1. Report yes if Arg76 is touching a residue at least 12 places away in the same chain (Cβ under 8 Å) and farther than 30 Å from Met12 by Cβ, otherwise no.
2. Say we look at the range 63-99 and pick out the residues that are within 14 Å of Leu36 (Cβ to Cβ) and touching a Ser or Thr at 6+ places or on another chain (Cβ under 8 Å); which of these is surrounded by the most Cβ atoms within 10 Å (Cβ to Cβ)?
3. All but one of (1) at pLDDT 95 or above; (2) part of a loop (DSSP other than H, G, I, E, B) hold for Gly42, so report the exception by its number.
4. Quick check, is Ala100 among the small types (Gly, Ala, Ser) and out of contact with any strand residue (DSSP E or B) (no Cβ under 8 Å at 6 or more places or on another chain)?
5. Only helices (runs of 4 or more DSSP H) wholly contained in the range 46-105 count here; list those with 3 or more residues that are among the small types (Gly, Ala, Ser) and at pLDDT 95 or above.
Amino acid sequence: MSRYDEIKKGLMEAIAYERGELKDGVTVRHMSVASLRSFTPGEIRQIRLDAQMTQSTFAACIGVTKKAVEAWEGGRSKPDGAARRTLGLMQSNPRFADEAGIIVR
């Protein structure tokens with residue numbers, strides 16, 4: 001490969017990288033991510049009940065304390081982004097934690 005071709009290839013890769021088409025030599029896809037939704041205390045409780053979990057198990061599954069779940073269900077606080085994403089997954093599929101291997105039987 002000539003010096004010119006090497007420089008041209010490098011410039012084309014730099015342009016593709018800047019456009020988001022390359023990431024460390026790997027092609028990446030552009031996509032949209034669903035926005036995080038909020039949950040009412042009643043919805044959070046229903047998600048937990050649909051998953052057939054105690055507050056303790058539900059908390060461990062999501063990675064928070066039992067007191068956090070109590071506060072969410074009591075309307076005293078709201079879940080953060082990661083917890084909200086997990087709640088959405090569990091709402092759409094009550095068996096999410098089982099199927100994802102979070103629950104060990």
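1. The answer is no for Arg76.
2. So, considering only residues that are within 14 Å of Leu36 (Cβ to Cβ) and touching a Ser or Thr at 6+ places or on another chain (Cβ under 8 Å), the one surrounded by the most Cβ atoms within 10 Å (Cβ to Cβ) is Arg84.
3. Result: Gly42 passes all but (2).
4. The answer is yes for Ala100.
5. 55-62, 81-92
The values are calculated or read from the model by the stated rules, or taken from the named source; none is laboratory data. Remember, it's a predicted structure, so these values are computed and weren't measured experimentally. Using ideal geometry, Cβ is built from the backbone for each residue, glycine included, and neighbour counts are taken over all protein chains shown.
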